[in-house]
Amino acid sequence: MAPNTADPLIRLAPLLPEHLAPCLALDQAALGGLWSEAQWCSELADLKRPGRGLWRADQLVALACGLLVLDELQITTVAVAPGLRRQGLGRQVLQALLSEARSQGACQATLEVASDNAAALALYGQLGFSTAGIRRGYYRNGSDALIQWVEIRD
């Protein structure tokens, strides 16, 4: 997957254990600290948990992570720096994660998204995801989660 051609300083790279601090910082800025340091350590160290990041110089500006279970990628998080949203970075990093999962044998991908997150729903729809179910009151604020699926076979 090519980097954002509008910004030649953006580069795509796998997320590795040495990226703990940038992942924590982006998680805090974009998601309000969804995961703890221990959770990020596990995420970055496990080969069955692919992660991809977009970097501008030494700053992590977008990330997508997942868990490979047999032939399925369970997408666990997608985050974009708040000041850089709606520039295609989320799409790029998510496409890179899907491509990596496909290369490791995944045939489908799934994720959960808040039913009121219009921007994320639009992104996932552009990538072919569709709603397969609903988890009522799933999030801390009481909003529902939509279970989304997509086939990612070659």
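Some observations on this one:
- Test: residue in the stretch 122-132 that is touching a helix residue (DSSP H, G or I) at 6+ places or on another chain (Cβ under 6 Å) and buried (at least 21 other Cβ atoms within 10 Å of the Cβ): no
- Taken over the stretch 96-124, the criterion of being out of contact with any strand residue (DSSP E or B) (no Cβ under 9 Å at 6 or more places or on another chain) and not in a loop (DSSP other than H, G, I, E, B) is satisfied by Ser103, Ala118, Ala119, Ala122.
- Within the stretch 52-69, residues that are outside any strand (DSSP E or B) reach partners that are open to solvent by 40 Å² or more (accessible area, probe 1.4 Å) with beta carbons closer than 7 Å, at six or more positions or on different chains, in the pairs Ala57/Leu9.
Table: residues versus (1) out of contact with any Pro (no Cβ under 9 Å at 6 or more places or on another chain); (2) at pLDDT 95 or above; (3) surrounded by fewer than 19 Cβ atoms within 10 Å (Cβ to Cβ); (4) more than 17 Å from Ala30 (Cβ to Cβ).
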site: Ala57; (1), (2), (3), (4): yes, no, yes, yes
site: Cys65; (1), (2), (3), (4): no, yes, no, no
site: Val80; (1), (2), (3), (4): yes, yes, no, no
site: Ser99; (1), (2), (3), (4): yes, yes, yes, yes
site: Cys107; (1), (2), (3), (4): yes, yes, yes, yes
site: Arg136; (1), (2), (3), (4): yes, yes, yes, yes
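- Residue count for the stretch 31-51, restricted to those that are in a loop (DSSP other than H, G, I, E, B), buried (at least 21 other Cβ atoms within 10 Å of the Cβ) and among the aromatic types (Phe, Trp, Tyr): 0.
- Search result, residues across the stretch 13-30 that are among the hydrophobic types (A, V, I, L, M, F, W, C) and either open to solvent by 30 Å² or more (accessible area, probe 1.4 Å) or closer than 11 Å to Leu60 by Cα (or both): Ala13, Leu15, Leu16, Leu20, Ala21, Cys23, Leu24, Ala25, Leu26, Ala29
The values are calculated or read from the model by the stated rules, or taken from the named source; none is laboratory data. The structure presented is a predicted model; accordingly, all values stated were derived computationally and were not measured. A quick note on method: Cβ atoms are made from the backbone with ideal geometry, for glycine too, and the neighbour counts reach across all protein chains shown. Note: areas computed on protein heavy atoms with side chains; ligands, DNA, RNA excluded. Shrake-Rupley method; radii C 1.70, N 1.55, O 1.52, S 1.80 Å.
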